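Please treat every number below as a calculation from the coordinates, not as lab data. Being a predicted model, the structure only gives us computed values, none of them experimental.
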Amino acid sequence: MNLRILEKEDFPLLVEWFNQPEVFGEYNPLHQVTLEEMGKLFSSPHEIKPFIVENKEGSKVGFIHYFYVLHPVSRLLEIGYSLIPSERGKGYGTEALRIIVDFLFLSKDVIRIQAQTDPRNLASQKILEKAGFKKEGVLRKSFFIRGEWKDNWVYSILREEWKEPRILTK
Ligand SMILES: CC(C)(COP(=O)(O)OP(=O)(O)OC[C@H]1O[C@@H](n2cnc3c(N)ncnc32)[C@H](O)[C@@H]1OP(=O)(O)O)[C@@H](O)C(=O)NCCC(=O)NCCS
């Protein structure tokens, strides 16, 4: 399994994924995005930084990204991730999350990394916990999903809770 920085050549596949509700799953908002919009979304240096997740055969199976909440000056990082349905449950989500946490704490002077998840999204909660995240609170009615405002749980990992790089130095 490998994380690779997203290149322009990946945009068409990402547009295809963004426009398929199954890729984000039932606990995320629906998206409709064009190739041009996708280019803008990922072109600013302070916008979302995505990585493509590749499986052990080298096929593209999903993405994981990070972004600064509010503004880069806040140095408050958040992550998000999705895998195509056929590649879930094989450990790639857990491994991708561990790699990005290692990468962010090793490369950036940030004190915490956060993630948000729907309370019903057990797979997401499981991988967050396995990567050392702790549930810290509820953002009430913060996500508009399938026509309804839903609560979201916030998870975080602090630098002092991040024991040691488990992936990148081995
Ligand atoms: C969330 C997601 C990235 C997880 O990736 P993944 O590769 O499937 O996860 P892993 O295989 O590494 O681990 C999943 C864990 O959750 C567990 N799990 C999966 N579905 C579960 C369920 N319904 N109830 C309880 N546990 C569940 C698995 O057993 C596994 O735990 P284990 O390793 O202890 O057995 C993936 O499911 C996904 O892309 N979902 C759709 C998009 C999404 O919801 N993104 C997150 C938004 S916050």
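Past 19 Å, Cα to Cα: identify those pairs from Lys8/Lys60; Lys49/Lys126; Lys90/Lys150; Lys40/Lys108, in the order given. Display every interim value, and only then the final one.
Working: Lys8/Lys60 14 Å; Lys49/Lys126 23 Å; Lys90/Lys150 28 Å; Lys40/Lys108 24 Å.
Beyond 19 Å: Lys49/Lys126; Lys90/Lys150; Lys40/Lys108.
Taking N as the number of residues in region 32-170, what is its Cα Rg relative to 2.2 N^0.38 Å? Don't skip to the answer; put the middle values down first.
Numbers: Rg = 15.2 Å, N = 139, 2.2 N^0.38 = 14.3 Å.
Normalised Cα radius of gyration, region 32-170: 1.06.
Length gain on complete extension for the stretch His31 to Lys135, per 0.36 nm per residue less the alpha carbon to alpha carbon distance? Before the final figure, lay out the partial values.
Working: separation 104, 0.36 × 104 = 37.44 nm, distance 2.65 nm.
Taking His31 through Lys135 to full extension adds about 34.8 nm, to one decimal.
Distance from the Cα centre of region 1-71 to that of region 128-170, in angstrom?
The distance from the Cα centre of region 1-71 to that of region 128-170 comes to 19 Å.
What Kirkwood Rh does region 1-78 have if only Cα atoms enter the pairwise 1/r average? Answer in Å. Walk me through the intermediate numbers first.
On the way: mean 1/r = 0.0739 Å⁻¹.
Value: 13.5 Å, from the Cα pair sum.
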